[in-house]
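Following: one structure in structure tokens, then a few remarks.
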Ligand SMILES: [Zn+2]
């Protein structure tokens, strides 16, 4: 589970996704643990600890952008409950997540622990949203109705695209190999897939996938950074 911390010249510290949250195996319970078994646990990869490694504190984060609200990406929102930190999420993602919890139709993918009214939800709408210079959020439905990717344009290292679970791993991007039930809405996913391929070509972006550890570790991670 991957988060990105961006130090923006006008916005301050912006966090993209939050991971599963502290003690998630206990919070999730045995059935979900069978699917998402935790291996090679290292405490310094917890969200707050990883941010500390960069010389910052999680309390210094000024805004959070959520690619989607599944429990393995949004559980760490617990750190922001009761604060006024804006949590940017696509309108459709927010609606679908609360609906899924309220009706229990998708209770295994979303959790009531972080789908709460004491978070400062800031929905965005439509196809895209430029949060600030060089921080572009793009709606890419498929895996969930409101999934959105984050494009970050940096001065020296160029463009980065954080795909969240539009692609779980690199193979989902490079071939049309089925993701099984992860893909969910295939027609929407295919349109999103075409857009991202085009965007990558135009910007020569580096891609960070939702759960591809090997790709992630080809790059520097905290405390190192890119400019
Ligand atoms: Zn995921």
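The values are calculated or read from the model by the stated rules, or taken from the named source; none is laboratory data. Only a predicted model underlies this, so the values are computations on that prediction, with no experimental measurement involved. Note that each Cβ is placed from the backbone with ideal geometry, even for glycine, and that neighbours are counted across all protein chains shown.
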Requested in this report: Take the stretch 177-205 and flag every residue that is surrounded by 12 or more Cβ atoms within 10 Å (Cβ to Cβ), in contact with a helix residue (DSSP H, G or I) (Cβ under 8 Å, 6 or more places away or on another chain) and either in contact (Cβ under 8 Å) with a residue 60 or more places away in the chain or not in a helix (DSSP H, G or I) (or both).
Outcome: 179, 183, 205
Report summary line: By residue number, the members of the stretch 47-78 that are under 25 Å from residue 96 (Cα atoms), part of a helix (DSSP H, G or I) and more than 16 Å from the ligand (Cβ to nearest atom) are 78
Query raised in the report: Hey, does the stretch 24-46 have a residue that's closer than 15 Å to residue 4 by Cα, within 16 Å of the ligand (Cβ to nearest atom) and at pLDDT 95 or above?
Result: no
Report summary line: Going through (1) crowded, with 21+ Cβ neighbours inside 10 Å; (2) under 16 Å from the mean Cα position of the chain (by Cα); (3) modelled with pLDDT of 95 or more one by one, residue 115 fails only at (1)
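Residue-by-condition table, conditions (1) away from the ligand (no atom under 16 Å from the Cβ); (2) farther than 19 Å from residue 1 by Cβ:
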residue	(1), (2)
180	no, yes
186	yes, yes
203	yes, yes
209	no, no
216	no, no
Query raised in the report: Is it fair to say residue 16 is touching a strand residue (DSSP E or B) at 6+ places or on another chain (Cβ under 7 Å), within 16 Å of the ligand (Cβ to nearest atom) and modelled with pLDDT of 90 or more?
Result: yes
